[in-house]
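Novice: To start, I am sharing the structure in question, which I have written as structure tokens.
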Amino acid sequence: MSETRQLPLDLPVAERRGREDWIVSEANAEATRFVDRWPDWPSDVVLLIGPPGSGKSHLARLHAETSGARTLSAAALAECDPTVLAAAPLILEDAGEGVDETALFHLLNAVRAAGGSLLVTAETPPAAWGLGLPDLVSRLRAATPVTLAEPDDALLEALLAKLFADRQMVVDPAVIAWMARRMERSFAAARDLVAALDREALAAKSALTRAVAARVLAAGFGRDPSQDDLDETDDA
């Protein structure tokens, strides 16, 4: 008899982003300490740089809770009055994904004139944004960069556990540790893997066991085994 499977519904996941849900490790401790120093920042503009899914928006949200900062998408900047924006702490999200250079230049000047603060999030440093306005490039060079790195072992396991909890999935910590050693080491990969595991477990009407995890990892979510010196004695 063939295995009974069902088509899982692609339901939205409410990811928790409170202070208690922010996982601190060596990969993000320095950036966390720096952002939490507000308003004692060494410059009026801080660049928070990190790969997709590294927690930029989560950390920015924590900063907003502390500072009362308004959050604005960089794509909407050209529609706003920079003087009004600079009157209070501001968070500008996803600046590297396309931003009106003139509008950003005027905003930086307005923040400086008002003695305000601006937290800018982006996946890459400004040098990779393809900017053509020399004065803007100069202003951004004066900003203070802080970086969120890819996860270390401890953070990756904690992140997987949190993502499973967000989906109300109960997973053996030993299985989580086993997966963390074999998956691609990135925040984006962790989110994609957990989503795939959730779909697979629902479709198979099965608990998330090591066998299910191994099947999903083998389907394209696993790390290149040549990059690791894994102890395979526990895989029997």
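Novice: Short version: ³J(HN,Hα) in whole Hz for each residue of the stretch 85-97, in order, from phi by Karplus 6.51 cos²θ - 1.76 cosθ + 1.60 (θ = phi - 60°), x for Gly and Pro, what are they?
Specialist: Rounded to whole hertz, the list is 4, 6, 6, 9, x, 9, 10, 10, 8, 6, 5, x, 8.
Novice: May I pose another question? Out of the DSSP beta bridges found with both residues in the chain, what percent are antiparallel (nearest 5)?
Specialist: Here the antiparallel bridges make up roughly 5 percent for the chain.
Novice: Here is a further query. Hey, could you pull the Cα Rg and Dmax for the chain, both in Å?
Specialist: 21.0, 73
Novice: Using DSSP H assignments, which helices in the chain have an axial alpha-carbon span of 18 Å or above and a mean Kyte-Doolittle hydropathy of -1.0 or higher?
Specialist: On the way: long enough: 101-114 (20 Å, 0.73); 153-166 (20 Å, 1.04); 187-204 (26 Å, 0.74).
Sorted by number, the helices that extend far enough and score high enough are 101-114, 153-166, 187-204.
Novice: Sticking with this one: Once the Cα atoms of the stretch 58-161 are picked out, what are the Rg and Dmax in Å?
Specialist: Rg, Dmax (Cα atoms, Å): 14.8, 45.
Novice: Roughly speaking, what is the centre-to-centre gap between the stretch 125-171 and the stretch 36-59 when only Cα atoms are used, to the nearest Å?
Specialist: About 9 Å separates the Cα centre of the stretch 125-171 from the one of the stretch 36-59.
Coordinate-derived values only; no laboratory data. Remember, predicted model here, so these are calculated numbers, not experimental data.
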